[in-house]
Amino acid sequence: MKRNQAPSCPMEALLRLVSGPWTLHIVWVLSEQGPQRFGELRRAVPGISTRMLTERLRMLEKAGIVWREQAQTIPPAVTYGLTQRGQELRGVLDTLDAIARRWQAEGALAGGERAAE
């Protein structure tokens with residue numbers, strides 16, 4: 001498949017959308033903690049740059065996964081949260097979290113207590 005060609009499988013398209021750098025972490029934080037102001041969200045995702053967070057949030061907003069609300073204050077207060085479409089990912093994220101925690105405890109992931117068998 002050529003790089004710019006759209007995937008023919010809807011699941012592949014969805015996985016491409018959410019598998020970008022930091023994307024699932026941002027969605028996870030918003031699903032766990034609810035709507036967040038930009039600065040709160042940046043602190044909740046350690047290591048992400050302001051530029052990357054802005055880029056990911058714009059992409060998620062364009063995809064209809066995240067909503068953005070800007071208060072007419074100085075400086076502007078911008079809040080982000082999950083749309084209904086974003087909330088649909090909650091069950092999948094919960095399942096992935098449970099698997100990741102189990103695999104980490106078994107040593108199958110980096111940071112696990114035992115070496116992978």
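Observations on the model:
- Filtered by the rule that a residue be touching a residue at least 24 places away in the same chain (Cβ under 8 Å) and in a helix (DSSP H, G or I), the range 56-95 gives ARG56, LEU57, MET59, LEU60, GLY86, GLN87, ARG90, LEU93.
- Checking each residue in the range 98-108 for being in a helix (DSSP H, G or I) and loosely packed, with under 14 Cβ neighbours inside 10 Å picks out ALA98, ILE99, ALA100, ARG101, ARG102, TRP103, ALA105.
- Checked against (1) hydrophobic (A, V, I, L, M, F, W, C); (2) farther than 14 Å from LEU24 by Cα; (3) under 15 Å from the mean Cα position of the chain (by Cα), LEU96 passes all but a single condition, namely (2).
- Options ILE48, ILE26: the member that is touching a helix residue (DSSP H, G or I) at 6+ places or on another chain (Cβ under 8 Å), buried (at least 16 other Cβ atoms within 10 Å of the Cβ) and within 17 Å of ASP97 (Cα to Cα): ILE26
- Selection within the range 55-97: residues that are loosely packed, with under 13 Cβ neighbours inside 10 Å and among the hydrophobic types (A, V, I, L, M, F, W, C). The member of this set that is nearest to GLN36 (Cα to Cα) is ALA71.
- Residues that are more than 27 Å from ALA98 (Cα to Cα) and surrounded by 11 or more Cβ atoms within 10 Å (Cβ to Cβ) do not occur anywhere in the range 8-20.
Just so you know, all these numbers are worked out from the coordinates, no wet-lab data involved. Since the structure is predicted, the reported quantities are computational estimates derived from the model, not experimental observations. Please note: Cβ atoms are built from the backbone with ideal geometry, for glycine as well, and neighbour counts cover all protein chains shown.
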